[in-house]
Amino acid sequence: MTSKTLIASLALVAGFAAATPIVQAADNPQKTVQPGVNNKRTLEVGDRAPDIYQRSEKALKNWKEKGLQSPKADSQWVQINDKYMMVMITNGTIVDIRPVER
């Protein structure tokens, strides 16, 4: 391999490597919660959250500070893994999912 070919190849690889984080940053966050300790499956809007997240002790009291909208009637914000979920207290239905802002 000549030095010109090697330099061109390295420049091409470096260009791809530099563009990858930019493309990933533009991705919209997924509206799902991945399986974890308290949830054994992927959770989406419309699914039923594990029973523990219907309890008042799991509710986020500082939802305003976290930039979340006011919970709907009979619902509360909870955190599961790296997502906030609005869960109906009455039946556990997931109404909304938002990423945790770091």
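Near Gln76: Cβ cut-off under 10 Å, other residues only, Lys/Arg at +1 and Asp/Glu at -1. The net charge is +3. In this structure, the amide hydrogen of Tyr84, modeled 1.01 Å from its nitrogen in the peptide plane, lies closer than 5 angstrom to those of Arg98, Val100, counting only residues at least 5 positions away or on a different chain. Residues whose amide H comes within less than 5 Å of that of Leu60, counting only those at least five positions distant or on another chain, are Trp77, Val78 (H built at 1.01 Å from N in the peptide plane).
Taking amide H positions as modeled 1.01 Å from N, with prolines and chain starts lacking one, the residues under 5 Å from Asp47 and 5 or more places away or on another chain are Ile94. Computed from backbone phi, the HN-Hα couplings of the range 82-88 come to 9, 9, 9, 10, 8, 10, 5 Hz, rounded to whole numbers (Karplus: 6.51 cos²θ - 1.76 cosθ + 1.60, θ = phi - 60°; Gly and Pro given as x).
Coordinate-derived values only; no laboratory data. Keep in mind the model is a prediction, meaning the values are calculated, not measured. All Cβ positions, glycine included, derive from the backbone under ideal geometry; neighbour counts span all protein chains shown.
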